[in-house]
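The values are calculated or read from the model by the stated rules, or taken from the named source; none is laboratory data. Just so it is clear, the structure is predicted and the values come from calculations on it, not from any experiment. Reconstructed Cβ throughout: ideal geometry from the backbone, glycine too, with neighbour counts over all protein chains shown.
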Protein chains: 2
Amino acid sequence: MGVEAVDLSDARGRVLAEAVAAPEAAPAFARATMDGYAVRAVDTFGATPGMPQYLALVGEVPMGAAPERPVHPGEALRLATGGMLPPGADAVVMLEYTAEHPDRSLEVRRAVAPGENLLQPGEDVEAGAVLFSGGRRLRSQDVGLLAALGVAAPKVHRRPRVAVLSSGDELVPLTAGPGPGQVRDSNAWMVAAQVAEAACLPLPVGGLLPDDFAAIRGALARALTEADLILISGGSSVGTRDLTLKAIQDLPGAEILAHGVAIRPGKPTILADVGGKPLLGLPGHPASAAVVMEVLGKPLLARLAGLSEPPPPWAGTVTATLSRNLAGAGGREDFVRVKLRREGDTLFADPVLGPSGLLSPMVKSDGLVMIPLGTEGLNRDETVTVRLFAG
Amino acid sequence: MGVEAVDLSDARGRVLAEAVAAPEAAPAFARATMDGYAVRAVDTFGATPGMPQYLALVGEVPMGAAPERPVHPGEALRLATGGMLPPGADAVVMLEYTAEHPDRSLEVRRAVAPGENLLQPGEDVEAGAVLFSGGRRLRSQDVGLLAALGVAAPKVHRRPRVAVLSSGDELVPLTAGPGPGQVRDSNAWMVAAQVAEAACLPLPVGGLLPDDFAAIRGALARALTEADLILISGGSSVGTRDLTLKAIQDLPGAEILAHGVAIRPGKPTILADVGGKPLLGLPGHPASAAVVMEVLGKPLLARLAGLSEPPPPWAGTVTATLSRNLAGAGGREDFVRVKLRREGDTLFADPVLGPSGLLSPMVKSDGLVMIPLGTEGLNRDETVTVRLFAG
């Protein structure tokens, strides 16, 4: 992906294209963290409510400006939270432990240590320090720190543009009334939403492709000129799958990396490199397409988006107790939809079964549990990790 | 909030304003889930590889159209996955268990039960069934189901518009070079990003307010005409806080619901109802503002956005082992920033300490651990729930 500068108001969720160093220190000057008085800490030593110290109140630090005078021994300057510490002072006495007297003397009833109730220059960030590495996805607080340091237009990776295509003679568009034997395309809408979830840009969900070699090849060739990644959900029938595969193979520079992957649902997945652009052929069954997007599509999108690291293992997962035995798929990683249910202190994962041609089990589920390859299955009461669907 | 119809391509993440019922059944007709042959199951009974049954292959079901003829006893029609089951047939024999012979007879080597390798009409969704209740945030698979049923423009709640204001004589805008005693406003940028995280619309981060009653009151009055919720992060000094409070109280219909809340950080929070619109006065310290947004602001935004239910307890949380003792705040709920660290099988939460005037501890942290009100604190090795920051 290329690099673009993004306005800070749109920076959250974007991925930094390069490391960002602090152009200056934050704070740039010592600041009060409490309302009170700037003093020399040594002048307060020994102060107690019974034996207060008395200082000369010589003025006030204006907010947002340099102090007009320093603090000399025995002196104090009033200042508010965020105010700039005057030269000579090294601590702030909180308002609560003082009293101003009519003779302009300040009664101090508690000693402060040097540095107390202050932020030191550079305490938040030193000038030149690396704030963020490239490949980091910016969070709200990151945006705040960039604002504090005046980084108004961070350089981020351009968001991958993703073409989402569907093919099948039986498919009609969203707004059509399907005739006998026809169904509306739902995969493209669901997959485009998953692309957006992964912080990538789905190209508009467009025309449907018939089960025709020239039509599919032409649409793929056009998509390659516009998109950084192509997702095509083919029909699930053998004939349609073969057509899609042949159309991909016929594209310049195409290399099929995998045709069929050892997961369930999702076996008829195609992975291809088309002249340097990735192409993912999704199964036609909606639950299969959704699972392949979660398991293979989203990590691919994250990589393409420039994220330097996979999400941490605790992000988007939860551990739960499986509420029934589940047999494995034998020779494939099996992804079972589950609904979560809390009962007392226990979180149960209830498998939601149903053919992969249905959407409603996906709609009823909260996430997926994986039965590892080469295992017999999972037992009731076993602790499992649930990958949560995006909320 | 009002209600608006949203294009399906923008529906993910939006909150349904009303329940959605299925306008039709899905699927509308019995469909094959495998490539194979439509048959009467009874005609296959007893078929084995050693003792196959033979049926008359009488044609093919075209994809996306009604079958041209029914299946009579002893007959089979070829059909592909997704194809419409012809009248008379009640099951599909998978391709793998058949052979077509030159005399147009079909050898069937495995019996099928009625309904096998089929989706029944209405098996995914019955016509008229309630798909979703109002107040549900739409996920990718929900969008897919709406597409399948032709719901092209679901009615959703308008997204709350949120004004984000900052006041303080010391603040300068993002692009200014701060002079002595001045700092750039960072809270507005961070808080606006948190608003976007909560799927609401932050109004553009605008002009900064001086510590001046008339200026603050005027800006709040203007914001009330544009926004559904007002967030104002005041200075943290007593004088500034009082100004903000007075400016709020002076607005028509203003009622201060709380001035000061029992959380740390975040004590100087203001909650107000201004003629029916909520106003949240955030502390000036950035970490305090961030925590108040997480703990109070986001639930308020979710409610305003029309979500009917709070997020489930497992969403955005993780359990971890606290790596050191933490003393409580005595009389306040204490929110401690933590960084997560996996060591072997254990996920540790390492407290990230630092004054609430700093942003970098927020940037280094993964989430918050709450020390409940009225407890002494939390012990090292205790299991804690971490509320994760948005990624």
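For residue B:206, the conditions (1) within 14 Å of chain A (Cβ to nearest Cβ); (2) surrounded by fewer than 18 Cβ atoms within 10 Å (Cβ to Cβ); (3) not in a loop (DSSP other than H, G, I, E, B) all hold with the exception of (3). Criterion first (within 10 Å of chain B (Cβ to nearest Cβ) and modelled with pLDDT of 95 or more) does residue A:122 satisfy it? Answer is no for this residue. Just one of the listed residues (B:160, B:154, B:173) is within 11 Å of chain A (Cβ to nearest Cβ) and either closer than 26 Å to residue B:5 by Cβ or over 18 Å from the mean Cα position of the chain (by Cα) (or both), and it is B:173.
Looking at A:156, A:164, just one residue is within 27 Å of residue B:164 (Cβ to Cβ), at pLDDT 95 or above and assigned to a strand (DSSP E or B), and that residue is A:156. For region B:26-65, a tally of residues being touching a Gly at 6+ places or on another chain (Cβ under 7 Å) and hydroxyl-bearing (Ser, Thr, Tyr) returns 1. Looking only at region B:180-195, residues that are of a type in the set (Val, Ile, Thr) and over 23 Å from the mean Cα position of the chain (by Cα) come to 1 in all. Against the test of being among the hydrophobic types (A, V, I, L, M, F, W, C) and closer than 30 Å to residue A:72 by Cβ, the options A:138, A:118 yield a single qualifying residue, A:118.
All of A:380, A:387 fail the test of being surrounded by 15 or more Cβ atoms within 10 Å (Cβ to Cβ), over 30 Å from residue B:121 (Cα atoms) and at pLDDT 95 or above, apart from A:387. Here the condition is being crowded, with 17+ Cβ neighbours inside 10 Å and either within 12 Å of chain A (Cβ to nearest Cβ) or at negative phi (or both); of B:353, B:301, it holds for B:301 alone.
Identify the residue in region A:358-378 that is among the small types (Gly, Ala, Ser) and in contact with a Phe, Trp or Tyr (Cβ under 8 Å, 6 or more places away or on another chain) and, among all such residues, is nearest to residue A:261 (Cα to Cα). Show your work before the answer.
Taking region A:358-378 first, the residues among the small types (Gly, Ala, Ser) are A:360, A:365, A:367, A:374, A:377.
Then drop every residue that is not in contact with a Phe, Trp or Tyr (Cβ under 8 Å, 6 or more places away or on another chain), which leaves A:365, A:367.
Details: A:365: 23, A:367: 21 Å.
By that ranking, first place goes to A:367.
When each of A:352, A:363 is tested for being within 20 Å of residue B:142 (Cβ to Cβ) and touching a Pro at 6+ places or on another chain (Cβ under 7 Å), the lone residue that passes is A:352.
Only a single item in (1) free of Cβ contacts under 8 Å to residues at least 12 places away in the same chain; (2) crowded, with 18+ Cβ neighbours inside 10 Å is not met by residue A:316, and it is number (1).
Looking at B:355, B:361, B:299, just one residue is within 19 Å of residue B:266 (Cβ to Cβ), of a type outside the set (A, V, I, L, M, F, W, C) and assigned by TED's automatic domain parsing to the domain that holds residue B:287, and that residue is B:299. Please go through (1) under 24 Å from the mean Cα position of the chain (by Cα); (2) within 11 Å of another protein chain (Cβ to nearest Cβ); (3) within 26 Å of residue B:348 (Cα to Cα) for residue A:337 and return the number of the only condition it doesn't satisfy. Every condition holds for residue A:337 apart from (3). Residue B:46 satisfies every condition listed in (1) touching a residue at least 60 places away in the same chain (Cβ under 8 Å); (2) buried (at least 22 other Cβ atoms within 10 Å of the Cβ) except (2). Does residue B:104 fit the bill of being over 30 Å from residue B:222 (Cβ atoms), in contact (Cβ under 8 Å) with a residue 60 or more places away in the chain and either basic (Lys, Arg) or within 12 Å of chain A (Cβ to nearest Cβ) (or both)? Judged against the criteria, residue B:104 is not a match.
Looking across region A:1-11, the residues that are more than 13 Å from chain B (Cβ to nearest Cβ) and either assigned to a loop (DSSP other than H, G, I, E, B) or among the acidic types (Asp, Glu) (or both) come down to A:1, A:2, A:4.
May I ask you to list the residues in region A:3-32 that are among the hydroxyl-bearing types (Ser, Thr, Tyr) and buried (at least 20 other Cβ atoms within 10 Å of the Cβ)?
Restricting attention to region A:3-32, the residues satisfying the condition of being among the hydroxyl-bearing types (Ser, Thr, Tyr) are A:9.
The answer is none; no residue qualifies.
Among residues of region A:342-369 that are without any contact (Cβ under 8 Å) to a residue 12 or more places away in the chain, those with a beta-carbon under 6 Å from a residue that is among the charged types (D, E, K, R) at least six positions away or on a different chain give the pairs A:360/B:124; A:363/B:142.
Counting the residues of region B:348-367 that are within 27 Å of the chain's Cα centre (by Cα), part of a loop (DSSP other than H, G, I, E, B) and closer than 15 Å to residue A:22 by Cα gives 1.
Restricting attention to region B:287-313, the residues that are in a helix (DSSP H, G or I) and either without any contact (Cβ under 8 Å) to a residue 24 or more places away in the chain or under 28 Å from residue A:313 (Cβ atoms) (or both) add up to 10. Taking the conditions exactly as written (within 24 Å of residue B:285 (Cα to Cα) and more than 9 Å from every other protein chain (Cβ to nearest Cβ)), does residue A:96 satisfy them or not? In short, yes.
Among the residues making up region B:251-280, those that are touching a residue at least 40 places away in the same chain (Cβ under 8 Å) and at negative phi are B:262, B:263, B:264, B:265, B:267, B:274, B:277, B:278, B:279, B:280.
In this structure, does residue B:197 turn out to be surrounded by fewer than 21 Cβ atoms within 10 Å (Cβ to Cβ) and facing chain A (nearest Cβ under 10 Å)? Here the answer is yes, as residue B:197 does meet what is asked. Residues of region B:100-115 include none that is in contact with a Phe, Trp or Tyr (Cβ under 9 Å, 6 or more places away or on another chain) and within 21 Å of residue B:25 (Cβ to Cβ).
One residue stands out in region A:307-334 among those that are among the small types (Gly, Ala, Ser) and closer than 23 Å to residue B:340 by Cβ: the one that is nearest to the other protein chains (Cβ to nearest Cβ), namely A:315.
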